Amino acid sequence: IYIEHSDGTKELIQGKLVQLADNSEGIEFTVTKFSTFTLVVVDGLKASQSTHQPYIQGFGVDFRPDAFVTRAQMAAMLARNLPTEPAASSANSVSYKDVSATHWATSEIQKAQSAGIMNGMSNTQFAPEGSLTRAQMATIAYRWTQQQASATTVNGPAVSFTDVSADLWATDAIAYVQSAGLMVGYNDGTFKPDSKLTRAEAVKVLNVLFNRTPLTGAVTLTFSDVPATHWAYADIEAAAQK
């Protein structure tokens, strides 16, 4: 559900399919503001599974939602949602000079790279502690959707953001995530492709890709710095709980 609130904010949430009293089906979701809604269908996304494992981790009792998500953290979140399969062959393996064998996310980085979802900054550099930009997130979302669509090419209309030129390396990906409602721009007509993505913002996009329904209502608080009043609370809890 793509929602535009009366205060100017926008969000994309996944509704819950429910059966109504007359045996017809409806979509249930919760908002706390006066809003307008649009149903959005993202082609190629797999139906949600009945159970799933948490894919985010915190720092002790904190999640640090406003901290910039690192490239290693993104690779780990992607890898935890990729199908379990045999290790990639050496022909598909890339050895990054800045990712040691003892790095906490070495195997996850390799898995995300081998799946064709997330590449390095070059053939030898991954920049695991570097921040992820909005353009990079759009590209990851675009690749993930292509993978889920069984290699069927997905395209969006021409990009309409004033700061995204036709020859930008991520133009096609940005156009797609815009048309699919996976990521939206700002009120001034920009997308800000080079802006860094926070951990909360990353989870918001990934939950749509992973078909995770935001958890609402009475749920156990997972992180001390993400109270129920936080704008991304329901998404973060969906990513943190079974």
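The values are calculated or read from the model by the stated rules, or taken from the named source; none is laboratory data. Small disclaimer: the values here were computed from a predicted structure and weren't measured. Methodologically, a virtual Cβ is constructed for each residue, glycine included, from the backbone with ideal geometry; neighbour enumeration extends over all protein chains shown. With ligands, DNA and RNA removed, areas are computed over all heavy atoms of the protein, side chains included. Shrake-Rupley method; radii C 1.70, N 1.55, O 1.52, S 1.80 Å.
Filter region 96-133 for residues that are surrounded by 16 or more Cβ atoms within 10 Å (Cβ to Cβ) and among the aromatic types (Phe, Trp, Tyr) and give the result.
Let us first name the residues in region 96-133 that are surrounded by 16 or more Cβ atoms within 10 Å (Cβ to Cβ), namely 96, 99, 103, 105-106, 108-115, 117-118, 120, 126-128, 130-133.
96, 126 - these are the residues of region 96-133 that are surrounded by 16 or more Cβ atoms within 10 Å (Cβ to Cβ) and among the aromatic types (Phe, Trp, Tyr).
Taking the stated definitions as given, is residue 136 modelled with pLDDT under 90 and either open to solvent by less than 40 Å² (accessible area, probe 1.4 Å) or under 17 Å from residue 205 (Cβ atoms) (or both)? Don't jump to the end; show me each part of the working.
Numbers: modelled with pLDDT under 90: no; either open to solvent by less than 40 Å² (accessible area, probe 1.4 Å) or under 17 Å from residue 205 (Cβ atoms) (or both): yes.
When the stated conditions are applied, residue 136 does not pass them.
Can you pull out every residue in region 166-220 that is aromatic (Phe, Trp, Tyr) and open to solvent by 30 Å² or more (accessible area, probe 1.4 Å)? Write out each step before concluding.
Of all residues in region 166-220, those aromatic (Phe, Trp, Tyr) come to 169, 176, 186, 191, 210.
169, 186 - these are the residues of region 166-220 that are aromatic (Phe, Trp, Tyr) and open to solvent by 30 Å² or more (accessible area, probe 1.4 Å).
Right, residue 234: closer than 18 Å to residue 81 by Cβ, open to solvent by less than 60 Å² (accessible area, probe 1.4 Å) and in contact with a Ser or Thr (Cβ under 6 Å, 6 or more places away or on another chain) or not? It would help to see each step written out before you state the result.
On the way: closer than 18 Å to residue 81 by Cβ: no; open to solvent by less than 60 Å² (accessible area, probe 1.4 Å): yes; in contact with a Ser or Thr (Cβ under 6 Å, 6 or more places away or on another chain): yes.
When the stated conditions are applied, residue 234 does not pass them.
Taking the residues in region 100-115 that are in a loop (DSSP other than H, G, I, E, B) and out of contact with any helix residue (DSSP H, G or I) (no Cβ under 6 Å at 6 or more places or on another chain) as candidates, determine which candidate is nearest to residue 83 (Cα to Cα).
Of everything passing the filter in region 100-115, 115 is nearest to residue 83 (Cα to Cα).
With the structure loaded, tell me whether residue 184 is farther than 24 Å from residue 231 by Cβ, in a loop (DSSP other than H, G, I, E, B) and modelled with pLDDT under 95 or whether it fails that test.
Judged against the criteria, residue 184 is not a match.
Would you mention how many residues in region 67-81 are more than 11 Å from the chain's Cα centre (by Cα) and under 11 Å from residue 130 (Cα atoms)?
Within region 67-81, residues that are more than 11 Å from the chain's Cα centre (by Cα) and under 11 Å from residue 130 (Cα atoms) number 6.
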